[in-house]
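Read-outs throughout are calculated quantities, based only on the coordinates presented, and are distinct from any laboratory measurement. Predicted model only: the values in this text are computed from it and were never measured. Positions of Cβ are backbone-derived with ideal geometry, glycine not excepted, and every protein chain shown enters the neighbour counts.
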Amino acid sequence: WSGSKVLAGTNGDESAFAVSSDEGYAFNDKAFIDSLIVGTGGSLPTSYTTDMAVSADGQKLYIVVNESFAGAGDTVADVSVWLRKGTLSWSRVLSLKNQTNLNMILRLAPEDPSVVYLICKNDGNIWVSTDSGETRWKEADCYKLSTIQDVAVESADVVYAIDTASCTKTENSGASWS
């Protein structure tokens, strides 16, 4: 404990120094330990930004980072979503370990930049947060399409997804698609 905050450190892959402002309910990573945000290559993992989104007022900047590891003939990656509010420091708000489908896109609800959609274009998995990713994410699926080419967020609940042949829509943040 440090005043009203809970501090924690983790070890291993994607480890970081984290802080909780809600008595340990949710932690946000504040410092890289075994994570990268820029590409390296060579014997180290390769890290690259796959997408970013900025709120209309410019106060929130999100980036999606893949950290790839080659091994056993396959490439797997750890996917992270980082948030910067105003001029404050970065916080990792989502960490997905050992992902094989690396083609991620990020979209914000136009009227509420706290509503964040992270979409895997290859398999239709969707993660949704209504609080900038700071305490919770909900996973949903969009299996109406073979592969997602792009997504348009109309509002916090209404989202359109398109592949090479058709378009589908959800009116409940990805719980069901028509």
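List of remarks:
- Residue 152 versus residue 56: modelled label distance in nm, points set 7 Å from Cα along the beta carbon direction: 1.6 nm
- Calculated FRET value between residue 5 and residue 139, using beta carbons and R₀ = 22 Å, to 0.05: 0.20
- Near residue 109, once Lys and Arg are set to +1 and Asp and Glu to -1 for all other residues with Cβ below 10 Å from its Cβ, the sum equals -3.
- Amide proton proximity set for residue 176, modelled H, under 5 Å, gap of 5+: 171
- FRET efficiency, residue 160 to residue 19 (Cβ-Cβ, R0 35 Å, nearest 0.05): 0.45
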